[in-house]
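Before I ask anything, let me first share the structure, which is written out below as structure tokens.
The values are calculated or read from the model by the stated rules, or taken from the named source; none is laboratory data. Remember, predicted model here, so these are calculated numbers, not experimental data. For neighbour counting, all protein chains shown are included, and Cβ atoms are generated from backbone atoms with ideal geometry for every residue, glycine included. Quick note on the areas: whole protein, heavy atoms, side chains included, nothing else; ligands and nucleic acids left out. Shrake-Rupley method; radii C 1.70, N 1.55, O 1.52, S 1.80 Å.
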Amino acid sequence: MEPYKKAKHVFIDAGLKHAIASFPGKEISILEVGFGTGLNFLLSIAHCTEHKIPLTYTGLEAFPLKIEELESTGYAAYVPDNVWNESD
């Protein structure tokens, strides 16, 4: 299964959406140990932005990607431009 489909199925559909349904109207907080390429974060922030759900996301990564590596993932195709280009 390609990374996008796996992340969407496991992290978003089975995880994030379940948390949102379990705590309606509440801020969602996520701690991801092993941030990796950041795909789970990008999909989470895109989903929460689209549905106006407050999200606090903390990702821990011992070996973060350089910006060039991140840009080469092609993940920009999976999220809206405003999410990909956000710098805060």
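Charges on Cβ only, +1 for Lys and Arg, -1 for Asp and Glu, centred on the Cα centroid of the range 4-75; of Ala14, Ala46, Thr73, which one is farthest towards the dipole's positive end?
Positive-end residue among those listed: Ala14.
I would also like to ask the following. Could you work out the helix-only [θ] at 222 nm for the chain, with each DSSP H run of four or more residues adding -39,500 (n - 2.57) and the total divided by the number of residues, to the nearest 500 deg cm²/dmol? List each step's numbers first, then the result.
Numbers: 5 runs with 32 residues, N = 88.
Using -39500 (n - 2.57) per qualifying helix, the result is -8500 deg cm²/dmol.
Sequence neighbours fewer than 8 away in the same chain don't count; with that in mind, list the lysines whose C-alpha is under 20 Å from Lys17.
Lys5, Lys6, Lys8, Lys26, Lys52
Can you tell me the dipole magnitude for the chain around its Cα centre, using point charges on the Cβ only (Lys, Arg +1; Asp, Glu -1), in Debye to the nearest 20?
Dipole of the chain, to the nearest 20 debye: 420 debye.
Taking the Cα atoms only, what angle lies between the long axis of helix 39-50 and the longest principal axis of the chain, rounded to 10 degrees?
Taking Cα atoms only, the helix is inclined about 50 degrees.
Rounded to whole Å and sorted largest first, list the principal axis extents of the Cα atoms in the chain.
Principal-axis extents of the chain (Cα, largest first): 38, 25, 24 Å.
With unit charges on the beta carbons (Lys and Arg positive, Asp and Glu negative) and the dipole taken about the Cα centre of the range 9-86, which residue among Gly25, Ala62, Asn82 sits farthest to the positive side?
About the Cα centre, the residue reaching furthest to the positive side is Gly25.
Next up: For the chain, which longest stretch is free of loop sites, where a loop site is one of the trypsin sites (Lys or Arg not before Pro) that DSSP puts outside H, G, I, E and B and that has at most 10 other Cβ atoms within 10 Å?
That would be 1-51.
Then there's this: What GluC sites (Glu not before Pro) in the range 3-88 are in a loop by DSSP, with at most 12 other Cβ atoms within 10 Å of the Cβ?
Listed in order of number, the matching sites are Glu27, Glu86.
Using Cα-Cα distances under 8 Å and only pairs 6 or more residues apart, what relative contact order does the chain have, in percent?
About 31 percent, as a whole number.
A further question follows. What number comes out for accessible area per residue over the chain if the probe is 1.4 Å? Units Å², please. Display every interim value, and only then the final one.
Working: 6090 Å² over 88 residues.
Accessible area per residue: 69 Å².
Could you tell me the calculated FRET efficiency between Leu70 and Tyr4, based on Cβ-Cβ distance and R0 = 22 angstrom, to the nearest 0.05?
That pair, Leu70 with Tyr4, gives E of 0.90.
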